[in-house]
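The values are calculated or read from the model by the stated rules, or taken from the named source; none is laboratory data. Treat the numbers as computed from the prediction; the structure is a model and nothing was measured. Here the Cβ is made from the backbone with ideal geometry for all residues, glycine too, and neighbour counts use every protein chain on show. Heavy atoms of the whole protein, side chains included, go into the accessibility calculation; ligands, DNA and RNA do not. Shrake-Rupley method; radii C 1.70, N 1.55, O 1.52, S 1.80 Å.
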Amino acid sequence: MSKSLTFLDWWNPYAWLVVICLLIGYLLITGPLHKEFKGGEPVPTIQRFYFVLGLIVAGGALGSPLSTLGHHYLFSAHMLQQSLLYFVVPPLLWAGIPTWLFRSILPQAFRQKILPKITNAILAVFLFNGLLSFYHFPAIYDWIMSGEQPLAAVFAHTLLFLTAMQMWFVVTCPDPDLNQLSHLKKIGYVVLNGFYYTQHVHLLFLLIISFTNPFMLYSHGFLF
């Protein structure tokens, strides 16, 4: 970086503001306001804990020094941030959404006709991992993270997060009527996804050790 970083560069208040607003809204809806929803009923404490934890982890990944380190200095910090956002946050959020709330948010026609198609297990696992690999191609990654087109990073990260939510929906679907896989198939699905992600990490590692520094973004500092 050519300029010194301020406190607000290290701790993003906007990320935490979004987290706090979502947290308050969720606790109100699943608490005193649950009777206002069709089929609304009290949500178990452990289920609310999952959602709250997911929001806190998301806030830590986006609004703490981890984000700045990953963006400007350490590729390892970037990969940790990605792992939290795409492999920890989505299943926690899905696990924290009660069935009645999920059905209230999405129209019945969308749930029955469209959602089963876009959450197909094979499509989900290949779409997310394919986009993640494309995103980490050095030339693409440097361009997105350079800041030349500010909306490019927002679009890329939003798309990756949505496809991660799509991928984890198959495993932690909050609506029993939309459960496409048996428990055994879900285990196989997680193993398959883990295999592809592991191969992605291995390819990145080989790329890094094959070149002095494949990412221009980190040319001023430490890659790892």
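What the table shows:
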quantity: Listed peptides 89-97, 35-43, 119-127, 62-70 by packing density, highest first (mean Cβ within 10 Å); calculated: 89-97, 62-70, 119-127, 35-43
quantity: Whole-number accessible area per residue in Å² for the chain, which is evaluated in the context of all protein chains at 1.4 Å; calculated: 56 Å²
quantity: Accessible area of the chain belonging to carbon and sulfur atoms, whole % at 1.4 Å probe; calculated: 73 percent
quantity: Theoretical FRET efficiency, 1/(1+(r/R0)^6), r = Cβ-Cβ of residue 137 and residue 64, R0 35 Å, to 0.05; calculated: 0.85
quantity: Residue 105-residue 6 FRET efficiency (beta carbon distance; Förster radius 35 Å; 0.05 resolution); calculated: 0.40
quantity: Extension gain from residue 182 to residue 149, taking 0.36 nm per residue of separation minus the Cα-Cα distance; calculated: 7.6 nm
quantity: Entry for Rg and Dmax of the Cα atoms in Å (calculated from the structure that is shown) out of (1) 26.1, 108; (2) 19.1, 60; (3) 17.9, 54; calculated: (2)
quantity: Theoretical FRET efficiency, 1/(1+(r/R0)^6), r = Cβ-Cβ of residue 76 and residue 56, R0 22 Å, to 0.05; calculated: 0.50
quantity: Mean projected area (nm²) of the alpha-carbon convex hull when the range 26-134 is viewed from all directions; calculated: 8.4 nm²
